[in-house]
Amino acid sequence: MLRALNLGDFLAGLPALRALSRAFPGHERILAAPWQFSELVDESGMERVSPTPGLVGLDPALRSADIAVDLHGRGPESQRILLSLNPGRLISFRCSGLAETTDGADWRADEHEVYRWCRMLQAYGIEADPTDLLLRRCGGQGPRQRQANPSGRPSSKCRPPRGSNEFPPATVIHPGAASRSRRWPPERFAAVAQAESRKGFRVVITGGPREVYLANRVAKLAGLPPSCVAAGRTSLNALANLIAGAERVVTGDTGIAHMASATATPSVVLFGPVPPAEWGPPLLPRHITLWAGIRGDPHGPTVDPGLLRITVPEVIDALARLPQRHDFAGG
């Protein structure tokens, strides 16, 4: 299964990956993705990760696989990479440039990412549930847990006991994103962090290794100590536990938003160039999305004009409207 993308893509692909796990229980299930997803691979129903940093040649040991699945894109590049392995069967979207993909479903540009890959599998007769988004540690319906927890409600394991990890329950603020166009200004994130702190909330600022400077800048602008910065200090598992234990999350359209969805953590998600209808969280009261209704370039070099229309008071108001975690214990 090729999905050599980022954290948000991995989490949005969980329903499709789990569907493939159920459809092919007797196969060795290998995910071609960045190596760091080895920490979460068991959540997907896959058995191991074949380290793949992007659209590059795959491990020659994967040649002649019984089945190859393109969960990366609509082709042709990703499909050619998989076809070069000479698999017995390719599952993918239809691509006009490749005769081998004439049986697949057609790509829809404006489709939600989670539903897109489930629909692709359904075209091949593989049942997929697009609501199967929760991590198993949070009561999700993973391949090995569907019978054990049929309700789908978040379990008590979703939240570590208070004081059980380095970062106790808090408002998590994630100012980073892969592209500049999806990064709300740090000054505004700092204003939200300061408001949360003044309300008595502990604030934790997250980010990847390349976002440590940004996270520290937000903390400094907010008048918060460096100890509130978790950026660059968490593995994927630790990050999942941190988000699972948080009271709420404030983030842009990036992987942490999907982690909040996967852990049933209340979130306010700020959208800019891409609408929430395509990448947003489930339509549940515990998630609030803000979008100015203006499309733009999701990979642009400057902050999206629509994202700039979202104001600090709007975000603070959305946070005030979020339910507390115990308010939705029933689902």
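Being farther than 20 Å from A318 by Cα and basic (K, R) is the filter here; which residues of the range 281-307 pass it?
Answer for the range 281-307, where residues must be farther than 20 Å from A318 by Cα and basic (K, R): just R295.
If I filter the range 284-324 down to residues being among the polar types (S, T, N, Q) and surrounded by fewer than 19 Cβ atoms within 10 Å (Cβ to Cβ), which single residue comes out as nearest to A246 (Cα to Cα)?
So, considering only residues that are among the polar types (S, T, N, Q) and surrounded by fewer than 19 Cβ atoms within 10 Å (Cβ to Cβ), the one nearest to A246 (Cα to Cα) is Q324.
Considering each residue of the range 90-106, count those that are assigned to a loop (DSSP other than H, G, I, E, B) and either closer than 12 Å to L71 by Cα or modelled with pLDDT of 95 or more (or both), and give that number.
Of the residues in the range 90-106, 2 are assigned to a loop (DSSP other than H, G, I, E, B) and either closer than 12 Å to L71 by Cα or modelled with pLDDT of 95 or more (or both).
Given the conditions (1) touching a residue at least 24 places away in the same chain (Cβ under 8 Å); (2) within 19 Å of L133 (Cα to Cα), which single one is not true for L221?
Evaluating L221 over (1) touching a residue at least 24 places away in the same chain (Cβ under 8 Å); (2) within 19 Å of L133 (Cα to Cα) leaves (2) as the failure.
Hey, does the range 77-90 have a residue that's outside the structural domain of G255 (by TED's automatic domain parsing) and under 15 Å from R116 (Cβ atoms)?
yes
For the range 253-289, how many residues meet the condition of being of a type in the set (S, T, Y) and under 22 Å from L308 (Cβ atoms)?
Looking only at that region, the number is 3.
So which helices (runs of 4 or more DSSP H) stay within the range 1-70 end to end and still have 3 or more residues that are modelled with pLDDT of 95 or more and hydrophobic (A, V, I, L, M, F, W, C)?
Answer list for the range 1-70: 7-12, 14-23.
The values are calculated or read from the model by the stated rules, or taken from the named source; none is laboratory data. Predicted, not measured: the structure shown is a model, and the values here were computed from it. Cβ: placed from backbone, ideal geometry, glycine included. Neighbour counts: every protein chain shown.
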